[in-house]
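Everything on this sheet refers to the single structure shown next.
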Ligand code: IMP
């Protein structure tokens, strides 16, 4: 019988990405199938801790193997910030505020804090931690990264979040100047999923 795995996200894009890239013989389900389950707080101090909390919390609550992720931007000159506060770095989303406005606020804060910081000290990376847990234990964990440099202004209009201010030197453009496939090929989330795939295949007996 196929193993059921819950993707602990309400974001359909993330679910599709995981299903597609992991390409495992699995019955994938989303959180929408478990309406009564209470939301697990993302109040950890690291991406890994948040991914673990969500995977273990939802696996315990549902009795189903669960995969969860946490991701964000780490800026060296800001001591690792925005880090786990990436989504709300400039404050909570205001009622009725478009997601893109919040993204602009967050980017503006990073750019202002880095004013006068020279290019060689503007190093940063996107980080994504994935965790797969059963109701009893953590089964697999991976981390993916993509290294970049924070620009002096927003460049490009693709993607979301901090993509317009993260310049990837290897490709000579910001993440927001990449097409979706190009981003997936180098992204922190793509890298974490690519690391997880052989481990999951082995766990499911297909290794
Ligand atoms: P989460 O893991 O979806 O909760 O992401 C937290 C926050 O990190 C997002 O709201 C974005 O601000 C930022 N972030 C995560 N991944 C990306 C990305 O691929 N591009 C740009 N921003 C990202």
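Considering only segment 185-207, state which residues are more than 10 Å from the ligand (Cβ to nearest atom) and under 17 Å from the mean Cα position of the chain (by Cα). Spell out the reasoning first.
Quick first cut of segment 185-207, residues more than 10 Å from the ligand (Cβ to nearest atom) only: 185-186, 191-207.
Hits for segment 185-207 are 185, 186, 191, 192, 193, 194, 195, 196, 197.
Just wondering, is there one or more residues in segment 91-99 that are in a helix (DSSP H, G or I) and within 13 Å of the ligand (Cβ to nearest atom)? Scanning segment 91-99 turns up at least one residue that is in a helix (DSSP H, G or I) and within 13 Å of the ligand (Cβ to nearest atom). Suppose the filter is under 23 Å from residue 124 (Cβ atoms), within 15 Å of the ligand (Cβ to nearest atom) and assigned to a loop (DSSP other than H, G, I, E, B); does residue 42 pass it? Taking the combined requirement at face value, the residue satisfies it.
For segment 111-171, which fully contained strands (runs of 3 or more DSSP E) count at least 3 residues that are touching a residue at least 60 places away in the same chain (Cβ under 8 Å) and over 21 Å from residue 181 (Cβ atoms)? I'd like the intermediate steps shown before the answer.
Values: elements: 123-133, 138-150, 166-168.
Of the strands (runs of 3 or more DSSP E) lying wholly inside segment 111-171, those with at least 3 residues that are touching a residue at least 60 places away in the same chain (Cβ under 8 Å) and over 21 Å from residue 181 (Cβ atoms) span 123-133, 138-150.
Under the condition of being farther than 19 Å from residue 142 by Cα and in a strand (DSSP E or B), the residues counted in segment 50-88 number 2.
When residue 21 is tested against (1) under 30 Å from residue 167 (Cβ atoms); (2) surrounded by 15 or more Cβ atoms within 10 Å (Cβ to Cβ); (3) without any contact (Cβ under 8 Å) to a residue 40 or more places away in the chain, only condition (3) is not met. Can residue 165 be described as under 21 Å from residue 189 (Cα atoms) and within 11 Å of the ligand (Cβ to nearest atom)? When the stated conditions are applied, residue 165 passes them.
Each value in this text was obtained by applying a stated rule to the coordinates, not by laboratory testing. All values derive from a computational prediction rather than experimental measurement. As a convention, Cβ positions derive from the backbone with ideal geometry for all residues, glycine included, and neighbour counts pool all protein chains shown.
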